[in-house]
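First up is the structure itself, then whatever we jot down about it.
Bear in mind that the values in this text are calculations on the coordinates, not laboratory data. The model shown is predicted, which means the values in this text are computed figures rather than measured ones. Using ideal geometry, Cβ is built from the backbone for each residue, glycine included, and neighbour counts are taken over all protein chains shown.
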Amino acid sequence: MKIKSVLIANRGEIAVRINETAKKMGIKTFGIKTSKEPNALYLRLVDDVIDFSNTAEEIPEFLDIERLIEAAKANKVDAVHPGYGFLAENPYFARRCKEENILFIGPSDTAIYKMGNKTIAKQIAMRHKIPLLQGSQGNVRNAKEAADMAEKIGYPVILKAASGGGGRGMRIVENAAHIEKMFKMATGEAEKAFNDPSVFLEKYVRNPRHIEFQIVGDQHGNCIHLGERECSIQRKHQKLIEESPSAALDEKLRAEMGSCAVRIAQAVDYYSAGTVEFLLDDDKNYFFMEMNTRIQVEHPVTEMVSGLDLIELQFRIAQGEKLPLAQEEVKLNGWAIECRINAEDVQAGFSPNLGIIEKISLPRGKNIRIDSGVSDYSVVTPYFDSMLAKLIIHAETREKAVTATIAALKKCLIKGIKTTIPFCLKVMNNNKFRKADFNTSFIEKELDTLFHQEPEDEMLAAYVAAFDFAADLETDRITVVDFERGKNISPWVLNKRLKSL
């Protein structure tokens, strides 16, 4: 079946991204208008808008599966693309689409369920001889069982939500004194986030690297990997900067880990784009962590080095086409780095920064890619993820990619709210990062501050303040007193003195 229309069941930059490829393929696009973001950029770009903003809301718009199915049927839409996030990894949504003869742009509901449940995924990995960390065979039922297992394998251990992801429902336990408290916290958070309190336990690796492999499979049994992404620059398990390839891998290790990624995907008859994630220790031992059964936020770095459009591959696979290349035909060229530009106040602990974007100007040019979901006067609300845009740079080598990223970040202007741009600059200018000598503890251990400031910034700020002060003097908004002489100083005289500095 050739897809002629698609409902984009998402928002922000990924909705813009999906829309771009769909239109390139001649596919009509539908977007969802919500009451929380009625003037979103993606709504101006899609061919047709389905309005969810005028009805009483019991379930958030992008989580209401039955309402989305109803909208797709009412508009005779061929397919639904969930982007990334909750719907993309919801087996019920994939199954409901299938039941209503709507193509789900993603894997089967069975694959989503098996790989989405971390306990089942670990059992599959074990059967297929994929390296795993020591830990529980299944879920741990209570704190005592967790304590017994921890004593057996040794502290530190980590409790993880069986149905989770994104760092929620995860707790590191350093010793037996904290196991009961951490078990309660992990299960409570898992219940709240995923409606499933189940957790499992495994050995905790201190300061590993986080390496993930992009895999792509079709419905004819073919599956390949497109190399790895380095995702170790993260805070509280949330990725902030990614790159491809990883400086930690050589060709032998890349082939070995890539083969494992393909093998576990094939074990669940996986098709569409997906990501298999590993932890890598200092001795180059790697351990399967989880599989994300969807397109990833950081997919552009893989696209830059592979030359492939992963969203287009998702569409083509969904309509039954075979993969256009075999593993031996995959050619990865150069180096790519992605910086997530979030609406966050880094100095306030990365807290969300809400408001109106008064002006946004992001660099364009050869080997620079911008994926953005906002424009001038976009409103940053508390209802959605804080990511505004992604800056992706491609170059021949890692050194050149880092240098080009610094230059591009300095050209980024977002006025009206605080963003993570200064943080990204801080990382890029760090000596250990530039030498690729880092792991997941980088932010906590290697950055003396979280905020990059150019040497001339302080002088520039002083100049701007003096200029504004002088402008106010010219309009008689400020009175300055000469205390030695006991009288006011003429604004024109003081202004002249300031400008002579």
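General remarks:
- Prolate is the label for segment 210-446, because the ratio a/c of its alpha-carbon gyration tensor axes (a ≥ b ≥ c) is 1.5 or higher and a/b is greater than b/c.
- With one equal scatterer per alpha carbon and no solvent term, the Debye-computed log10 I(q)/I(0) for segment 81-168 at 0.25 1/Å reads -1.23.
- Folded to 0 to 90 degrees: helix 12-24 orientation relative to the chain principal axis, Cα: 70
- Other-chain or far-sequence residues with amide H under 5 Å of Glu290's (modelled H): Glu277
- Coupling constants for segment 343-358 follow from the phi torsions by the Karplus curve (6.51 cos²θ - 1.76 cosθ + 1.60, θ = phi - 60°), and in residue order they are 7, 9, 8, 4, 6, 9, x, 6, 6, x, 10, 9, x, 10, 7, 6 Hz; glycine and proline get x.
- From largest to smallest, the equivalent ellipsoid semi-axes obtained for segment 231-333 from the alpha-carbon gyration tensor read 23, 16, 15 Å.
- The C-alpha atoms of the chain define a longest principal axis, and helix 143-153 lies at about 80 degrees to it.
- The chain, helix-only ellipticity at 222 nm - DSSP H runs n ≥ 4, -39,500 (n - 2.57), divided by all residues, nearest 500: -10000 deg cm²/dmol
- Degrees, to the nearest 10: 118-127 long Cα axis against longest axis of the chain: 50
- Which listed pairs, of Lys4/Lys98; Lys73/Lys390; Lys239/Lys359; Lys24/Lys322; Lys24/Lys73, have C-alpha distances above 21 Å, in listed order: Lys73/Lys390; Lys239/Lys359; Lys24/Lys73
- The phi-based Karplus calculation (6.51 cos²θ - 1.76 cosθ + 1.60; θ = phi - 60°) puts the 3J(HN,Hα) values of segment 30-42 at 10, x, 9, 8, 10, 5, 7, 8, x, 10, 4, 4, 4 Hz, whole numbers, x for Gly and Pro.
- In straight-distance terms, cross-link reach from Lys144 covers every one of the lysines whose alpha-carbon lies under 17 Å from its own, apart from those fewer than eight places away in the same chain; here that gives Lys152, Lys160, Lys181, Lys184, Lys203.
- Distance from segment 107-169 to segment 39-55 (C-alpha centre basis), Å: 40
- Rounded if a/c under 1.5, otherwise prolate or oblate - segment 195-281, Cα gyration tensor axes: oblate
- By the Cα gyration tensor, segment 1-94 has an equivalent ellipsoid whose semi-axes, rounded to whole angstrom, run 19, 16, 13 from largest to smallest.
- Global form of segment 131-280, assessed from the alpha-carbon gyration tensor, a/c cut-off 1.5: prolate
- Sparse-neighbourhood loop sites, trypsin sites (Lys or Arg not before Pro) in segment 171-260 - DSSP loop, at most 15 other Cβ within 10 angstrom: Arg206, Lys236
- Once backbone amide H atoms are built at 1.01 Å from N, Ser5 has Lys28, Asp78, Ala79 as its partners under 5 Å, excluding neighbours fewer than 5 places away on the same chain.
- For the peptides 367-378, 329-340, residues were scored by their other Cβ atoms within 10 Å and the scores averaged per peptide; the highest-first order is 329-340, 367-378.
- Cα principal axis extents for segment 134-203, largest first, Å: 29, 22, 20
- The chain: Cys lacking any partner C-beta under 4.7 angstrom: Cys97, Cys223, Cys231, Cys260, Cys412
- Entry for Cα extents along the principal axes in Å (calculated from the structure that is shown) out of (i) 89, 57, 48; (ii) 114, 60, 57; (iii) 72, 68, 50: (i)
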